[in-house]
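As structure tokens, the structure follows; a few thoughts come after it.
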Amino acid sequence: MNILVTGGAGYIGSHTVIKLIEAGHTPVVVDNLCNSSAESLRRVAQITGVTPPFYQQDVRDTAALEAVFAKHAIDAVIHFAGLKAVGESTEKPLLYYQTNLDSTFTLLEVMRTFNVKTLVFSSSATVYGSEPAPYSEDSPIGRGITNPYGRTKYFIEEMLRDIASSDGSLAITSLRYFNPIGAHPSGLIGENPNGVPNNLMPYITQVAVGKRAELGVFGDDYDTVDGTGVRDYIHVDDLAEGHVAALTHSQTGYCAINLGSGEGTSVLQLVHAFEEASGAKVPYKIHPRRPGDVAVSYAKIARAADVLQWRTTRTIEDACRDSWRWQSGNPEGYK
Ligand code: NAD
Ligand code: WQD
């Protein structure tokens with residue numbers, strides 16, 4: 001199938017493009033490179049031997065997006081494009097609402113024009129807000145979300161549900177990612193944050209490679225195994241395979257599915273697993289809790305197993321080793 005991948009030059013998108021190619025699909029990438037580099041796609045070509053068609057344009061540019069649909073006979077869409085920095089979304093909520101919502105409106109309109117029925121959307125465990133973990137897809141969403149970024153995911157999910165119920169021929173899947181880490185085992189592509197990383201794993205790898213002095217651990221007084229926050233870390237290649245499965249098993253209607261491992265790992269457990277896998281040291285210091293953080297987040301994974309016939313196959317150790325291979329081989333990312 002010809003799969004439009006919005007945001008396909010980004011971290012999760014580039015790994016998914018590889019899995020799509022390996023599964024025999026033809027990905028077509030639209031990305032404005034606002035948080036990525038075309039180098040990721042050159043490396044995808046190096047890994048797969050296939051150069052995916054790439055259009056550097058904004059998803060909100062309706063005419064440009066129509067031209068891509070007209071040229072490539074798109075069968076289905078995976079929609080990764082969007083802004084994702086939680087802290088920045090609190091400072092610039094309008095930018096986040098405009099970018100994430102408008103891009104989805106434009107995409108849905110162009111899909112309708114070209115009679116494309118299948119959409120896989122990048123949602124997030126953040127939609128569960130203050131619900132107690134583990135999160136099931138039947139848990140309420142939207143309550144206690146602490147930032148505009150998270151609310152864009154919630155609003156888009158609600159909109160997609162309405163749109164799917166208005167037209168029974170649409171097949172829309174929202175994949176609620178838990179915490180993606182890791183990199184392609186080649187070490188050629190990986191997470192490439194701009195500036196100071198917001199997320200834990202890229203911070204750890206930048207300390208390990210000597211770019212930053214020490215990790216700040218946000219809180220050691222949570223009610224968890226060692227007092228530090230617990231998350232469900234998922235290898236980005238498992239996540240990427242989850243998208244291929246979502247296309248394969250896509251059904252009409254609306255379906256939200258957790259993509260996680262079902263296991264919780266604390267900040268310090270991840271630090272120690274990383275040190276073990278890499279042989280590098282990660283000095284750290286305990287800081288106060290980060291505002292907006294929950295103590296524990298992990299997934300119930302039965303629906304992914306039932307509907308997608310998918311579950312994670314890679315371990316935390318695999319993810320640590322692959323993150324380190326990427327970071328140590330590319331200390332400056334794609335630069
Ligand atoms: P990323 O920033 O690496 O990838 C997003 C890509 O979208 C980037 O390449 C960026 O240039 C592009 N983009 C942004 N706005 C665009 C626009 N208007 N038009 C065209 N391209 C645009 O992020 P990622 O980690 O790969 O995340 C992909 C998706 O998954 C995002 O929607 C994100 O919110 C969601 N998500 C990510 C995580 C995570 O922890 N990484 C967790 C849950 C959900
Ligand atoms: C993980 C744990 C931190 C950095 C965020 C978004 C979420 C989703 C994924 C997109 C927490 C601790 C972190 C550091 C630390 N993104 N930490 N020192 O907060 O679970 O989720 O990214 O959808 O919406 O909120 O991930 O990697 O930031 O934090 O101690 O320097 O690591 O407190 O316990 P989080 P994270």
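Rule-based calculations on the coordinates, nothing more; no lab input. Computed from a prediction, not measured in an experiment: that's the story for all the values here. Using ideal geometry, Cβ is built from the backbone for each residue, glycine included, and neighbour counts are taken over all protein chains shown.
Summary of values
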{"read-out": "Helix-only mean residue ellipticity at 222 nm for the chain, each DSSP H run of n ≥ 4 adding -39500 (n - 2.57), per residue, nearest 500", "value": "-11000 deg cm²/dmol"}
{"read-out": "Descending semi-axes in Å of the range 216-257, equivalent ellipsoid built from Cα gyration tensor", "value": "35, 13, 7"}
{"read-out": "Proximal aspartates and glutamates relative to Lys211, as straight alpha-carbon distance under 14 Å, when same-chain residues fewer than 8 apart are discounted", "value": "Glu332"}
{"read-out": "Choice from Gly129, Gly262, Gly87 with maximal GNM fluctuation in the chain (Cα, 10 Å cutoff)", "value": "Gly87"}
{"read-out": "Overall form of the range 224-335 per C-alpha gyration tensor (a/c, 1.5; a/b vs b/c)", "value": "oblate"}
{"read-out": "Cβ crowding within 10 Å averaged over residues, with 218-229, 174-185 ranked highest first", "value": "174-185, 218-229"}
{"read-out": "Compactness index (Cα Rg / 2.2 N^0.38 Å), the range 150-291", "value": "1.26"}
{"read-out": "Global geometry of the range 25-106, whether rounded, prolate or oblate, following the gyration tensor of its Cα atoms and the 1.5 cut on a/c", "value": "oblate"}
{"read-out": "Counted charge near Arg289, where neighbours are those whose Cβ lies closer than 15 Å (Asp, Glu -1; Lys, Arg +1)", "value": "-2"}
{"read-out": "Gaussian network model of the chain, Cα within-10 Å springs - most flexible of Thr51, Thr113, Thr146", "value": "Thr113"}
{"read-out": "Helix 236-248 vs. the chain, principal-axis angle (Cα, 0 to 90°, nearest 10)", "value": "20"}
{"read-out": "Shape parameters for the range 110-161, alpha-carbon atoms, Rg then Dmax in Å", "value": "13.1, 41"}
{"read-out": "More than 33 Å apart - percent of Cα-Cα pairs taken over the chain", "value": "21"}
{"read-out": "Lysine pair number, Cα distance threshold 24 Å (strictly under), the range 21-162, separation 8 or more or different chains", "value": "5"}
{"read-out": "The chain: angle of helix 267-278 to the longest principal axis, Cα-based, in degrees nearest 10", "value": "90"}
{"read-out": "By average C-beta atoms within 10 angstrom, highest first, the peptides 94-101, 198-205, 25-32", "value": "25-32, 198-205, 94-101"}
{"read-out": "Spherically averaged projected area of the range 102-227 from its Cα convex hull (nm²)", "value": "11.2"}
{"read-out": "Overall Cα dimensions of the range 287-335 - principal axes, largest extent first, Å", "value": "41, 33, 20"}
{"read-out": "Residue among Val307, Val267, Val17 with the largest mean-square fluctuation in a Gaussian network model of the chain, springs linking Cα atoms under 10 Å", "value": "Val307"}
{"read-out": "Helix axis angle, 102-113 relative to the chain longest principal axis, alpha carbon, degrees", "value": "30"}
